[in-house]
1. Taking 7 Å along the Cα-to-C-beta vector as the label spot, tell me the residue 369-residue 445 distance in nanometres, rounded to one decimal.
2. Just report the Cα centroid separation between segment 295-335 and segment 132-166, whole Å.
3. Counting only heavy atoms of the protein chains, get the accessible area per residue of segment 178-303 (1.4 Å probe) and round it to a whole Å² value.
4. Of 409, 380, which has the most accessible area with a 1.4 Å probe, and how do the rest follow in descending order?
5. Subtract the Cα-Cα distance of residue 236 and residue 271 from 0.36 nm times their separation in residues, and report this length gain in nm to one decimal.
6. Pull out a ≥ b ≥ c, the square roots of the eigenvalues of the alpha-carbon gyration tensor of segment 173-272, then state rounded if a/c is under 1.5, prolate if not and a/b is larger than b/c, and oblate in the remaining case.
7. Kindly provide the chymotrypsin sites (Phe, Trp or Tyr not before Pro) of segment 377-459 that DSSP labels as loop, not H, G, I, E or B, and whose Cβ sees at most 13 other Cβ atoms within 10 Å.
8. Compute the length gained on full extension between residue 466 and residue 377: take 0.36 nm times their separation in residues and subtract their Cα-Cα distance, giving the result in nm to one decimal.
Amino acid sequence: MSSWFSSSKEEATVDDAPILGKDGSITDEGYQKTPVGDILIKPDKDPVSGTPNSEYRSININGQDFQYPLKQGVSHTFYFVTSWILFLQGISELSGLAVSYFYKNELKVDPAVLSTVTSLTALPWTIKPLYGLITDGWPIFGYRRKPYLMMCGVAGCISWWVMSTFVNEVWFGFSMMFIASMAIGFSNVIAEGMIVEKSRGQSQEFASHLQATVHGAQAVGGIIAAYFSGMLLDYITNRQMFMLCAIFPLTLILVALISPEEKFTGDIASIRQGMGEKLNELFKAMMQPQILKPVAFVFMLNATPATGSTWFYFYTNTLGFTSGFLGTINVVGAVCSLGGVLLFGNFLSSTPFRPILIWSTIISTVIGLTQLVLVFRWNLAWGIPDGFFCLGESAVLSVLGWINTMPILVLASRLCPQGMEATMYALIMSVNNLGGVIGAQFGALLTWQLGITDSNLDNFWILVLICNLSTVLPLVFIGWIPADGKDYGAEMGNGQDPESKPEHKE
(Lines give C-alpha, C1' and ligand atoms only; values in the text may rest on other atoms or scores of the structure.)
Protein backbone atom coordinates (compact mmCIF):
# COMPACT_ATOMS: atom_id res chain seq x y z
CA MET A 1 0.00 0.00 0.00
CA SER A 2 1.41 3.34 -1.01
CA SER A 3 0.28 6.82 -0.01
CA TRP A 4 1.15 10.24 -1.25
CA PHE A 5 1.78 11.69 2.18
CA SER A 6 2.75 10.01 5.40
CA SER A 7 0.19 10.35 8.18
CA SER A 8 2.58 10.05 11.12
CA LYS A 9 3.59 12.92 13.37
CA GLU A 10 7.08 12.84 11.86
CA GLU A 11 8.06 15.01 8.91
CA ALA A 12 5.71 14.53 5.96
CA THR A 13 7.18 12.75 2.91
CA VAL A 14 6.30 12.03 -0.69
CA ASP A 15 7.07 8.91 -2.69
CA ASP A 16 10.04 9.68 -4.90
CA ALA A 17 11.79 7.23 -7.23
CA PRO A 18 11.11 3.47 -6.90
CA ILE A 19 13.59 1.41 -4.87
CA LEU A 20 15.87 -0.50 -7.22
CA GLY A 21 17.61 -3.83 -6.72
CA LYS A 22 21.35 -4.41 -7.12
CA ASP A 23 20.82 -5.28 -10.80
CA GLY A 24 18.98 -2.03 -11.40
CA SER A 25 15.52 -3.58 -11.68
CA ILE A 26 12.48 -2.22 -9.91
CA THR A 27 11.68 -4.11 -6.72
CA ASP A 28 8.46 -4.55 -4.74
CA GLU A 29 9.86 -2.65 -1.78
CA GLY A 30 7.99 0.53 -2.67
CA TYR A 31 9.33 4.03 -3.19
CA GLN A 32 12.08 6.13 -1.70
CA LYS A 33 10.71 8.71 0.70
CA THR A 34 11.63 12.37 0.14
CA PRO A 35 10.78 14.91 2.90
CA VAL A 36 8.34 17.53 1.76
CA GLY A 37 10.67 20.12 3.30
CA ASP A 38 13.30 19.15 0.71
CA ILE A 39 10.98 20.09 -2.14
CA LEU A 40 10.39 23.79 -2.57
CA ILE A 41 7.20 24.95 -4.22
CA LYS A 42 8.25 28.33 -5.59
CA PRO A 43 6.56 30.78 -7.96
CA ASP A 44 7.25 30.63 -11.68
CA LYS A 45 9.20 33.87 -11.37
CA ASP A 46 10.82 36.05 -8.76
CA PRO A 47 7.98 38.32 -7.50
CA VAL A 48 10.37 41.30 -7.32
CA SER A 49 12.73 40.94 -10.28
CA GLY A 50 10.48 38.92 -12.57
CA THR A 51 13.33 36.47 -13.25
CA PRO A 52 11.97 32.98 -14.09
CA ASN A 53 12.88 30.08 -11.83
CA SER A 54 14.04 27.66 -14.50
CA GLU A 55 15.75 24.92 -12.47
CA TYR A 56 13.33 22.06 -11.83
CA ARG A 57 13.51 18.53 -10.54
CA SER A 58 11.28 15.83 -12.02
CA ILE A 59 9.73 13.47 -9.44
CA ASN A 60 7.53 10.51 -10.26
CA ILE A 61 4.67 10.06 -7.81
CA ASN A 62 2.54 6.97 -8.36
CA GLY A 63 3.37 6.87 -12.03
CA GLN A 64 2.80 10.58 -12.67
CA ASP A 65 5.60 13.08 -13.29
CA PHE A 66 5.64 16.30 -11.26
CA GLN A 67 8.03 19.24 -11.69
CA TYR A 68 9.44 20.91 -8.56
CA PRO A 69 11.99 23.73 -8.45
CA LEU A 70 15.31 22.73 -6.98
CA LYS A 71 16.16 23.88 -3.45
CA GLN A 72 18.46 26.88 -3.70
CA GLY A 73 20.77 28.11 -1.00
CA VAL A 74 20.81 31.63 0.41
CA SER A 75 23.86 33.47 -0.91
CA HIS A 76 26.05 35.86 1.06
CA THR A 77 25.03 38.67 -1.30
CA PHE A 78 21.36 37.98 -0.58
CA TYR A 79 21.98 38.11 3.16
CA PHE A 80 24.02 41.31 2.86
CA VAL A 81 21.56 43.21 0.65
CA THR A 82 18.46 42.30 2.65
CA SER A 83 20.18 42.64 6.03
CA TRP A 84 21.70 46.03 5.18
CA ILE A 85 18.35 47.45 4.10
CA LEU A 86 16.80 46.35 7.39
CA PHE A 87 19.91 47.60 9.20
CA LEU A 88 19.20 51.04 7.72
CA GLN A 89 15.67 50.78 9.04
CA GLY A 90 17.14 50.25 12.51
CA ILE A 91 19.80 52.97 12.23
CA SER A 92 17.13 55.45 11.09
CA GLU A 93 16.05 55.59 14.74
CA LEU A 94 19.18 57.68 15.32
CA SER A 95 17.00 60.75 14.76
CA GLY A 96 14.37 59.75 17.34
CA LEU A 97 15.54 61.68 20.39
CA ALA A 98 16.67 64.65 18.29
CA VAL A 99 13.19 64.91 16.75
CA SER A 100 11.55 64.76 20.19
CA TYR A 101 13.81 67.46 21.64
CA PHE A 102 13.48 69.57 18.49
CA TYR A 103 9.68 69.55 18.59
CA LYS A 104 9.46 69.95 22.38
CA ASN A 105 12.09 72.62 22.96
CA GLU A 106 12.34 74.51 19.68
CA LEU A 107 8.84 74.18 18.20
CA LYS A 108 7.13 74.14 21.64
CA VAL A 109 4.52 71.43 20.99
CA ASP A 110 2.53 69.43 23.55
CA PRO A 111 2.63 65.61 23.91
CA ALA A 112 -0.52 65.01 21.85
CA VAL A 113 0.88 66.97 18.89
CA LEU A 114 4.26 65.22 19.04
CA SER A 115 2.55 61.80 19.21
CA THR A 116 0.38 62.73 16.23
CA VAL A 117 3.29 63.95 14.10
CA THR A 118 5.68 61.10 14.85
CA SER A 119 3.02 58.42 14.31
CA LEU A 120 1.83 59.92 11.03
CA THR A 121 5.36 59.67 9.65
CA ALA A 122 4.70 55.91 9.61
CA LEU A 123 1.93 56.34 7.01
CA PRO A 124 4.29 55.46 4.12
CA TRP A 125 4.51 52.02 5.68
CA THR A 126 0.76 51.54 5.21
CA ILE A 127 0.90 51.75 1.38
CA LYS A 128 3.64 49.21 0.79
CA PRO A 129 1.72 47.28 -1.93
CA LEU A 130 1.78 50.47 -4.01
CA TYR A 131 5.57 50.34 -4.02
CA GLY A 132 5.44 46.75 -5.26
CA LEU A 133 3.09 47.69 -8.10
CA ILE A 134 5.37 50.57 -9.09
CA THR A 135 8.47 48.37 -9.27
CA ASP A 136 6.57 45.64 -11.14
CA GLY A 137 4.95 47.90 -13.74
CA TRP A 138 7.49 50.66 -14.20
CA PRO A 139 11.03 49.30 -14.43
CA ILE A 140 13.69 51.92 -15.09
CA PHE A 141 16.18 51.06 -17.85
CA GLY A 142 14.95 47.50 -17.56
CA TYR A 143 15.60 47.14 -13.81
CA ARG A 144 13.04 46.87 -11.04
CA ARG A 145 15.25 47.02 -7.95
CA LYS A 146 18.46 48.92 -8.56
CA PRO A 147 17.08 52.31 -9.76
CA TYR A 148 14.45 52.46 -7.04
CA LEU A 149 16.97 51.66 -4.33
CA MET A 150 19.15 54.50 -5.65
CA MET A 151 16.20 56.91 -5.72
CA CYS A 152 15.31 55.98 -2.15
CA GLY A 153 18.86 56.75 -1.07
CA VAL A 154 18.81 60.19 -2.69
CA ALA A 155 15.33 61.06 -1.36
CA GLY A 156 16.25 60.06 2.18
CA CYS A 157 19.43 62.09 2.08
CA ILE A 158 17.77 65.26 0.75
CA SER A 159 14.87 65.14 3.22
CA TRP A 160 17.14 64.99 6.28
CA TRP A 161 19.37 67.72 4.83
CA VAL A 162 16.31 69.98 4.45
CA MET A 163 15.26 69.06 7.99
CA SER A 164 18.65 70.16 9.30
CA THR A 165 18.73 73.42 7.39
CA PHE A 166 15.30 74.93 6.69
CA VAL A 167 12.60 73.43 8.95
CA ASN A 168 11.09 75.84 11.49
CA GLU A 169 7.45 74.74 11.43
CA VAL A 170 5.64 71.62 12.71
CA TRP A 171 4.13 70.34 9.47
CA PHE A 172 7.08 71.29 7.29
CA GLY A 173 9.17 69.06 9.51
CA PHE A 174 6.53 66.36 9.26
CA SER A 175 6.64 66.44 5.46
CA MET A 176 10.42 65.95 5.42
CA MET A 177 10.24 63.05 7.89
CA PHE A 178 7.41 61.59 5.83
CA ILE A 179 9.63 61.52 2.73
CA ALA A 180 12.51 59.98 4.68
CA SER A 181 10.17 57.33 6.05
CA MET A 182 8.85 56.60 2.55
CA ALA A 183 12.39 56.09 1.26
CA ILE A 184 13.12 53.47 3.93
CA GLY A 185 9.70 51.87 3.49
CA PHE A 186 10.08 51.57 -0.29
CA SER A 187 13.47 49.89 0.01
CA ASN A 188 12.05 47.67 2.75
CA VAL A 189 9.43 46.33 0.32
CA ILE A 190 12.16 45.26 -2.09
CA ALA A 191 14.05 43.45 0.68
CA GLU A 192 10.91 41.78 2.04
CA GLY A 193 9.97 40.56 -1.43
CA MET A 194 13.34 38.82 -1.65
CA ILE A 195 12.89 37.29 1.82
CA VAL A 196 9.38 36.00 1.16
CA GLU A 197 10.45 34.44 -2.16
CA LYS A 198 13.18 32.53 -0.34
CA SER A 199 10.70 31.38 2.30
CA ARG A 200 8.17 30.01 -0.16
CA GLY A 201 7.43 26.34 0.44
CA GLN A 202 9.95 26.06 3.24
CA SER A 203 9.22 24.85 6.74
CA GLN A 204 8.07 27.23 9.46
CA GLU A 205 11.44 26.74 11.15
CA PHE A 206 13.41 27.78 8.05
CA ALA A 207 11.21 30.83 7.47
CA SER A 208 11.57 31.76 11.14
CA HIS A 209 15.37 31.51 11.04
CA LEU A 210 15.54 33.60 7.86
CA GLN A 211 13.29 36.29 9.32
CA ALA A 212 15.26 36.24 12.58
CA THR A 213 18.56 36.69 10.74
CA VAL A 214 17.62 39.71 8.65
CA HIS A 215 15.59 41.32 11.43
CA GLY A 216 18.55 40.72 13.69
CA ALA A 217 20.38 43.17 11.44
CA GLN A 218 17.58 45.65 12.06
CA ALA A 219 17.99 45.14 15.79
CA VAL A 220 21.76 45.73 15.51
CA GLY A 221 21.07 48.99 13.67
CA GLY A 222 18.64 49.90 16.42
CA ILE A 223 21.29 49.24 19.07
CA ILE A 224 23.81 51.49 17.35
CA ALA A 225 21.19 54.19 16.83
CA ALA A 226 20.04 53.97 20.45
CA TYR A 227 23.57 54.35 21.81
CA PHE A 228 24.57 57.32 19.70
CA SER A 229 21.16 59.05 19.62
CA GLY A 230 21.53 60.12 23.24
CA MET A 231 25.30 60.34 23.55
CA LEU A 232 25.83 62.56 20.50
CA LEU A 233 23.23 65.08 21.65
CA ASP A 234 25.61 65.97 24.49
CA TYR A 235 28.04 67.26 21.83
CA ILE A 236 26.02 68.29 18.78
CA THR A 237 22.72 70.09 18.17
CA ASN A 238 19.47 68.56 16.98
CA ARG A 239 19.97 69.99 13.49
CA GLN A 240 23.49 68.60 13.28
CA MET A 241 22.06 65.20 14.18
CA PHE A 242 19.63 65.53 11.27
CA MET A 243 22.58 66.26 8.98
CA LEU A 244 24.30 63.09 10.22
CA CYS A 245 21.15 61.11 9.47
CA ALA A 246 21.31 62.33 5.86
CA ILE A 247 24.47 60.26 5.25
CA PHE A 248 23.13 56.74 5.85
CA PRO A 249 20.47 56.61 3.09
CA LEU A 250 23.21 57.20 0.51
CA THR A 251 24.53 53.68 1.18
CA LEU A 252 21.46 52.36 -0.65
CA ILE A 253 23.19 53.43 -3.86
CA LEU A 254 26.04 50.99 -3.18
CA VAL A 255 23.59 48.27 -2.16
CA ALA A 256 21.71 48.78 -5.44
CA LEU A 257 24.90 48.25 -7.43
CA ILE A 258 25.56 44.81 -5.93
CA SER A 259 21.95 43.66 -5.66
CA PRO A 260 21.55 40.55 -7.87
CA GLU A 261 19.09 41.35 -10.63
CA GLU A 262 18.84 40.53 -14.31
CA LYS A 263 17.58 43.09 -16.78
CA PHE A 264 13.88 42.72 -17.53
CA THR A 265 13.21 41.96 -21.20
CA GLY A 266 9.51 41.05 -21.13
CA ASP A 267 6.46 42.90 -22.42
CA ILE A 268 5.95 45.66 -19.87
CA ALA A 269 2.77 46.89 -21.60
CA SER A 270 1.01 43.56 -21.04
CA ILE A 271 2.16 43.57 -17.41
CA ARG A 272 0.59 46.97 -16.83
CA GLN A 273 -2.61 45.91 -18.55
CA GLY A 274 -2.79 42.90 -16.28
CA MET A 275 -2.41 44.90 -13.08
CA GLY A 276 -6.16 45.35 -12.72
CA GLU A 277 -6.62 41.59 -12.84
CA LYS A 278 -3.79 41.14 -10.35
CA LEU A 279 -5.39 43.61 -7.96
CA ASN A 280 -8.66 41.73 -8.26
CA GLU A 281 -6.86 38.44 -7.54
CA LEU A 282 -5.11 40.07 -4.60
CA PHE A 283 -8.43 41.28 -3.21
CA LYS A 284 -10.01 37.85 -3.62
CA ALA A 285 -7.04 36.20 -1.92
CA MET A 286 -7.16 38.71 0.92
CA MET A 287 -10.84 37.96 1.45
CA GLN A 288 -10.15 34.26 1.97
CA PRO A 289 -10.96 33.49 5.65
CA GLN A 290 -7.60 31.77 6.23
CA ILE A 291 -5.88 35.07 5.33
CA LEU A 292 -8.46 37.70 6.35
CA LYS A 293 -8.95 36.47 9.91
CA PRO A 294 -5.25 36.37 10.92
CA VAL A 295 -4.66 39.76 9.29
CA ALA A 296 -7.65 41.24 11.13
CA PHE A 297 -6.28 39.90 14.41
CA VAL A 298 -2.84 41.42 13.75
CA PHE A 299 -4.51 44.74 12.93
CA MET A 300 -6.47 44.76 16.19
CA LEU A 301 -3.38 43.78 18.18
CA ASN A 302 -1.62 46.91 16.92
CA ALA A 303 -4.61 49.27 16.89
CA THR A 304 -5.02 49.46 20.67
CA PRO A 305 -4.16 52.90 22.17
CA ALA A 306 -0.49 53.70 22.78
CA THR A 307 1.05 56.23 25.18
CA GLY A 308 3.28 57.53 22.39
CA SER A 309 5.55 60.48 23.05
CA THR A 310 4.00 61.32 26.42
CA TRP A 311 6.65 59.20 28.14
CA PHE A 312 9.32 61.51 26.73
CA TYR A 313 7.73 64.48 28.51
CA PHE A 314 7.42 62.48 31.73
CA TYR A 315 11.06 61.38 31.56
CA THR A 316 12.43 64.87 30.89
CA ASN A 317 10.04 67.07 32.91
CA THR A 318 9.19 64.88 35.91
CA LEU A 319 12.16 62.53 36.25
CA GLY A 320 14.75 64.95 34.87
CA PHE A 321 16.48 62.37 32.66
CA THR A 322 19.21 63.73 30.36
CA SER A 323 19.55 62.87 26.66
CA GLY A 324 22.49 60.64 27.55
CA PHE A 325 20.46 58.54 29.97
CA LEU A 326 17.51 58.38 27.58
CA GLY A 327 19.97 56.99 25.06
CA THR A 328 21.05 54.40 27.62
CA ILE A 329 17.43 53.30 28.09
CA ASN A 330 17.11 52.98 24.34
CA VAL A 331 20.33 50.92 24.15
CA VAL A 332 19.06 48.48 26.77
CA GLY A 333 15.79 48.19 24.88
CA ALA A 334 17.54 47.66 21.55
CA VAL A 335 19.95 45.04 22.92
CA CYS A 336 17.09 43.17 24.53
CA SER A 337 15.13 43.44 21.28
CA LEU A 338 17.96 41.59 19.58
CA GLY A 339 17.82 39.11 22.44
CA GLY A 340 14.14 38.61 21.75
CA VAL A 341 14.86 37.95 18.06
CA LEU A 342 17.58 35.41 18.93
CA LEU A 343 15.42 33.77 21.58
CA PHE A 344 12.61 33.31 19.11
CA GLY A 345 14.89 32.08 16.34
CA ASN A 346 16.66 29.50 18.52
CA PHE A 347 13.97 28.26 20.88
CA LEU A 348 10.51 29.28 19.65
CA SER A 349 10.76 29.07 15.85
CA SER A 350 8.78 25.81 15.69
CA THR A 351 6.31 26.70 18.47
CA PRO A 352 2.71 27.27 17.33
CA PHE A 353 1.77 30.93 16.94
CA ARG A 354 -1.19 31.01 19.32
CA PRO A 355 0.55 30.25 22.64
CA ILE A 356 3.39 32.67 21.82
CA LEU A 357 0.98 35.52 21.07
CA ILE A 358 -1.23 34.75 24.07
CA TRP A 359 1.48 34.57 26.70
CA SER A 360 3.71 37.34 25.33
CA THR A 361 0.70 39.69 25.22
CA ILE A 362 -0.50 38.80 28.72
CA ILE A 363 2.96 39.06 30.28
CA SER A 364 3.62 42.35 28.46
CA THR A 365 0.37 43.75 29.85
CA VAL A 366 1.22 42.73 33.41
CA ILE A 367 4.74 44.18 33.15
CA GLY A 368 3.34 47.29 31.49
CA LEU A 369 1.03 47.92 34.43
CA THR A 370 4.10 48.22 36.66
CA GLN A 371 4.68 51.55 34.91
CA LEU A 372 2.09 52.93 37.32
CA VAL A 373 4.65 52.31 40.08
CA LEU A 374 6.95 54.79 38.34
CA VAL A 375 4.17 57.29 37.58
CA PHE A 376 3.05 57.40 41.22
CA ARG A 377 6.72 57.30 42.37
CA TRP A 378 6.12 54.27 44.60
CA ASN A 379 9.48 52.94 43.48
CA LEU A 380 11.24 55.64 45.53
CA ALA A 381 9.35 54.56 48.64
CA TRP A 382 10.56 51.02 47.96
CA GLY A 383 14.14 52.21 47.53
CA ILE A 384 14.30 51.62 43.75
CA PRO A 385 15.91 54.52 41.81
CA ASP A 386 14.00 55.86 38.80
CA GLY A 387 16.80 55.04 36.39
CA PHE A 388 17.19 51.45 37.56
CA PHE A 389 13.44 50.88 37.36
CA CYS A 390 13.24 52.25 33.80
CA LEU A 391 16.20 50.18 32.59
CA GLY A 392 14.72 46.95 33.93
CA GLU A 393 11.31 47.65 32.54
CA SER A 394 12.74 48.56 29.12
CA ALA A 395 14.72 45.31 29.03
CA VAL A 396 11.78 43.02 29.80
CA LEU A 397 9.26 44.77 27.55
CA SER A 398 11.70 44.86 24.61
CA VAL A 399 12.31 41.11 24.77
CA LEU A 400 8.59 40.39 25.02
CA GLY A 401 7.84 42.89 22.27
CA TRP A 402 9.99 41.10 19.70
CA ILE A 403 8.85 37.65 20.81
CA ASN A 404 5.34 38.96 20.13
CA THR A 405 6.36 40.50 16.78
CA MET A 406 8.34 37.63 15.21
CA PRO A 407 5.36 35.22 14.93
CA ILE A 408 3.47 37.96 13.09
CA LEU A 409 6.32 38.35 10.57
CA VAL A 410 6.59 34.60 10.02
CA LEU A 411 2.82 34.18 9.82
CA ALA A 412 2.61 36.97 7.23
CA SER A 413 5.20 35.26 5.03
CA ARG A 414 3.26 31.98 5.19
CA LEU A 415 -0.12 33.48 4.31
CA CYS A 416 1.06 34.68 0.90
CA PRO A 417 -0.44 32.73 -2.05
CA GLN A 418 2.01 31.45 -4.63
CA GLY A 419 2.75 33.95 -7.38
CA MET A 420 1.83 37.06 -5.38
CA GLU A 421 4.21 36.68 -2.43
CA ALA A 422 5.79 40.13 -2.46
CA THR A 423 2.55 42.08 -2.93
CA MET A 424 0.53 40.06 -0.43
CA TYR A 425 3.27 40.23 2.21
CA ALA A 426 3.52 43.98 1.69
CA LEU A 427 -0.27 44.27 2.02
CA ILE A 428 -0.34 42.25 5.24
CA MET A 429 2.48 44.29 6.77
CA SER A 430 0.79 47.52 5.63
CA VAL A 431 -2.34 46.51 7.55
CA ASN A 432 -0.11 45.75 10.53
CA ASN A 433 1.53 49.18 10.27
CA LEU A 434 -1.83 50.91 9.78
CA GLY A 435 -2.94 49.36 13.05
CA GLY A 436 0.08 50.92 14.75
CA VAL A 437 -0.69 54.35 13.30
CA ILE A 438 -4.33 54.15 14.40
CA GLY A 439 -3.28 52.97 17.86
CA ALA A 440 -0.95 55.95 18.18
CA GLN A 441 -3.71 58.31 17.05
CA PHE A 442 -6.08 56.84 19.63
CA GLY A 443 -3.38 57.44 22.23
CA ALA A 444 -2.88 61.04 21.07
CA LEU A 445 -6.64 61.64 21.24
CA LEU A 446 -6.77 60.25 24.78
CA THR A 447 -3.78 62.42 25.73
CA TRP A 448 -5.62 65.51 24.50
CA GLN A 449 -8.94 64.52 26.12
CA LEU A 450 -7.21 63.91 29.47
CA GLY A 451 -5.70 67.41 29.36
CA ILE A 452 -2.11 66.16 29.38
CA THR A 453 0.31 68.90 28.31
CA ASP A 454 3.97 69.80 28.61
CA SER A 455 3.28 71.35 32.02
CA ASN A 456 0.39 69.13 33.22
CA LEU A 457 0.90 65.37 33.56
CA ASP A 458 -1.61 64.83 36.37
CA ASN A 459 -3.77 62.42 34.36
CA PHE A 460 -0.88 60.55 32.79
CA TRP A 461 -1.59 57.52 35.00
CA ILE A 462 -5.04 57.16 33.43
CA LEU A 463 -3.49 57.08 29.96
CA VAL A 464 -0.99 54.41 31.05
CA LEU A 465 -3.74 52.30 32.62
CA ILE A 466 -6.04 52.46 29.57
CA CYS A 467 -3.26 51.72 27.07
CA ASN A 468 -2.02 48.67 28.97
CA LEU A 469 -5.39 47.10 29.76
CA SER A 470 -6.63 47.49 26.18
CA THR A 471 -3.70 45.42 24.90
CA VAL A 472 -5.32 42.11 25.91
CA LEU A 473 -8.69 42.83 24.24
CA PRO A 474 -7.71 41.38 20.82
CA LEU A 475 -6.96 38.01 22.45
CA VAL A 476 -10.70 37.37 22.34
CA PHE A 477 -10.11 36.63 18.64
CA ILE A 478 -6.98 34.50 19.06
CA GLY A 479 -8.87 31.66 17.35
CA TRP A 480 -8.39 33.54 14.07
CA ILE A 481 -4.68 32.72 14.21
CA PRO A 482 -3.78 29.32 12.64
CA ALA A 483 -3.23 26.64 15.26
CA ASP A 484 -0.29 25.17 13.34
CA GLY A 485 2.66 26.32 11.24
CA LYS A 486 1.17 25.18 7.94
CA ASP A 487 2.17 27.14 4.82
CA TYR A 488 -1.33 28.22 3.82
CA GLY A 489 -0.05 30.43 1.03
CA ALA A 490 1.70 27.58 -0.76
CA GLU A 491 -1.40 25.39 -0.50
CA MET A 492 -3.66 28.14 -1.86
CA GLY A 493 -1.24 28.67 -4.73
CA ASN A 494 -1.53 24.97 -5.60
CA GLY A 495 -5.31 25.00 -5.63
CA GLN A 496 -5.69 23.15 -2.34
CA ASP A 497 -8.11 24.00 0.42
CA PRO A 498 -5.88 24.96 3.37
CA GLU A 499 -8.53 23.75 5.79
CA SER A 500 -8.75 20.28 4.26
CA LYS A 501 -6.69 17.31 5.37
CA PRO A 502 -4.18 15.57 3.06
CA GLU A 503 -5.80 12.94 0.90
CA HIS A 504 -4.59 9.36 1.36
CA LYS A 505 -4.55 6.99 -1.58
CA GLU A 506 -4.74 3.30 -0.84
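The values are calculated or read from the model by the stated rules, or taken from the named source; none is laboratory data. As the structure is a prediction and not an experimental result, all values here were calculated from the model. Glycine also receives a Cβ, built like all others from the backbone with ideal geometry; neighbour counts cover every protein chain displayed. Each accessible area value is taken on the protein alone, full model and side chains, heavy atoms only, with ligands, DNA and RNA left out. Shrake-Rupley method; radii C 1.70, N 1.55, O 1.52, S 1.80 Å.
1. Result: 2.6 nm between the two label points.
2. First find each Cα centre; the distance between them is then 30 Å.
3. Values: 5330 Å² over 126 residues.
Result: 42 Å² per residue.
4. 380, 409
5. Result for the pair: 7.6 nm of gain on full extension.
6. Working: a/c = 2.72, a/b = 1.52, b/c = 1.79.
It is oblate, given that a/c is not under 1.5 and a/b is not larger than b/c.
7. 382
8. 30.2 nm
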